[in-house]
Each structure stands twice: as C-alpha cells, then as structure tokens.
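No value in this document is a laboratory result; all are computed from the given coordinates. No experiment lies behind these values; they were computed from the predicted model shown. Here the Cβ is made from the backbone with ideal geometry for all residues, glycine too, and neighbour counts use every protein chain on show.
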Amino acid sequence: MKYYSTNKKAPIADLHKAVVKGLAEDRGLYMPEIIKKLPKEFFDNIEKFSFQEIAYQVADAFFGEDVDADSLKKIVYDTLAFDCPVVEVEPNIYSLELFHGPTLAFKDVGARFMARLLQYFVRQEGKEEVNVLVATSGDTGSAVANGFLGVEGIHVYVLYPKGKVSKIQESQFTTLGQNITALEVDGVFDDCQALVKSAFMDEELNKHMKLTSANSINVPVTRMASASMPASTPIHTLRIRNGRRMKLQLAPTSFMV
C-alpha cells in the first residue's frame, strides 16, 4: 500500500518510510491511498473468532501487503496481551473498555501497536537507532514509554511540563530507565510540543539522529488500525449475546495526542 502526504507536495511513500519517518518531507501527515473494505465473510463469521484473531484480520486489511503474516500476527497478539471487555452500561447500551493495559489508559493499544510495528521496520534496516520524540501532558507519555520499553533499536525521549502532570503518570514514565529518557520542561505542554516540532525541522540534527514521533503527527493509519482492532470486539460479543443488529459509536479522537 502507498501513502501520500496531506500537504500533497511530498513523494508517495511505502509503509516502511511512513512509519519510520513519521512526517512527510513537506511536513504533512501520511495517509493511505486506499482503505480496504473487510469482506462480508468476516462479519458473517465474526462470532467464531477470538478477540486477537479479529484484531489480526483488521490489521491485515491495513498492513498485509507490507508486513508478512507471521510478523503481523505476533505484533497484534503482543499488542493485545490484555483484555478489552465489553461492559453493559444500561439495557442495550454497552461500552468497550480500553483502559486495562499497563498504564490504565486507552492509548496503551495504539502505543504498543506502533512500538512493535516500528521495531519490525527498524530490524529490517538493521543499523541506525531510531529516536522517538513525544510531548505529553500525561497519558500519552505513560503509554508510549511503557509501549516502547525494552524495544531494541529504539530510544524514546518524553518531554513533559514541570509540575503539570499527575504524580502517578509522571512516575509511569520517569522511573523506567532502559531505553526511556524523561525530560522535564519548565513550561506548558505547548512548549514541549514546540520543542518536538522544532527538532524535526532542524536539518543539522536530523543528519545525526533518525527521528520519529509518537504524537498525533504519526501515520494516521496506524492509529486508525489500532483503534479499529478492539472496536470490532462489540460486534463479536453482542452477536453472540443476542444476535441482534447493533449500532457502533466511536468517540472522535486523535488517539495518540
């Protein structure tokens, strides 16, 4: 699958380049040229699949052309190593809970998926370390730090505003060590985000370090896929439960902001 820049001034990229680079040369976001439609057979037989198998088939529609089946299945299964239960809020209204991951935030799903997909391409290159920059006001930093913790070939730098992050979230990304470095900034979140953006625009810095990001500027399709994988679960759960038609509502979000 090929990817274009939303600014439409950069060359078309493959998934490898889009994931590792993060931003297009014209500072636009990478988007897929097409989004494949899942076959009718998938929905007709969805109750026969496990949670992880559903997620894998959704991910395959996005990335199957670029990532081999065994690797993609491992990425998906490692990402969803925790449950995402469907809980009844009131009669006929259910909520998909995505906060059962290591940092108790819905962003664990996206961060873990992105970490493993990025590692897949870094290993293919087999050389230069990739440096992930992330600005956070709390949950993004925690999820990204834990998602990338111990991932070989990738170092994460978390920039956060001094005194403006909850104690528990600050502890989640400042106490990890290994390949995670936390940088406290004397300012607000916007100052952290500005530092990240300026790093990407620094040509000299980019000559010496391979940079990518773990904020909303990442490949939108990785966020779409990581959101869609668990979002298929209510279809699976509720069809088994009552066999009735249902409506799904996904809250709009940048998912990795």
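In this simple spin-label model, placing a label point 7 Å from the Cα along the Cα-to-Cβ direction at both F43 and F99 gives a separation of 3.1 nm.
Classify segment 57-160 from the C-alpha gyration tensor, please: rounded if a/c falls under 1.5, else prolate or oblate depending on whether a/b exceeds b/c. In terms of gyration-tensor shape, oblate. Which entries of K73/K164; K21/K48; K74/K210; K9/K73 show an alpha-carbon separation above 32 angstrom in the structure shown? Going by Cα-Cα distance, K73/K164; K21/K48; K9/K73 fall outside the 32 Å limit.
In order along segment 149-164, the phi-based Karplus estimate (6.51 cos²θ - 1.76 cosθ + 1.60, θ = phi - 60°) of 3J(HN,Hα) comes to 4, x, 6, 5, x, 9, 10, 10, 10, 9, 9, 9, x, 4, x, 10 Hz; Gly and Pro are listed as x. Annotation note: trypsin sites (Lys or Arg not before Pro) in segment 1-98 located in DSSP loop regions with a Cβ neighbour count of at most 16 within 10 Å are K8, K9, R27, K36, K37. Other residues lying with their Cβ under 11 Å from the Cβ of C84 contribute a combined charge of -3, Lys and Arg counting +1, Asp and Glu -1. Of the chymotrypsin sites (Phe, Trp or Tyr not before Pro) found in segment 16-57, those in coil by DSSP whose Cβ has at most 15 other Cβ atoms within 10 Å are F49.
What does the charge count around L15 come to, taking other residues whose C-beta lies under 12 Å from its C-beta (Lys +1, Arg +1, Asp -1, Glu -1)?
Its environment carries a net charge of -1.
Rounded, prolate or oblate: which one fits segment 148-207, using the alpha carbon gyration tensor with axes a ≥ b ≥ c (rounded when a/c is under 1.5, else prolate when a/b beats b/c, else oblate)? Oblate is the answer for segment 148-207, as a/c is 1.5 or above yet b/c matches or exceeds a/b.
Shown here for segment 120-214: trypsin sites (Lys or Arg not before Pro) in loop regions (DSSP other than H, G, I, E, B) with at most 15 other Cβ atoms within 10 Å, namely K127, K162, K164. Near K197, which aspartates and glutamates are there with a Cα under 20 Å away, not counting those fewer than 8 places off in the same chain? Leaving aside aspartates and glutamates fewer than 8 places away in the same chain, those within reach of K197 are E25, D26, E129, D139, E184, D186. Neighbour counting of Cβ atoms within 10 Å sorts the residues I93, I75, fewest neighbours leading, into I93, I75. Amide H contacts of L211: N131, each under 5 Å away and 5 or more positions distant or on a separate chain (H built 1.01 Å from N in the peptide plane; Pro and chain starts excluded).
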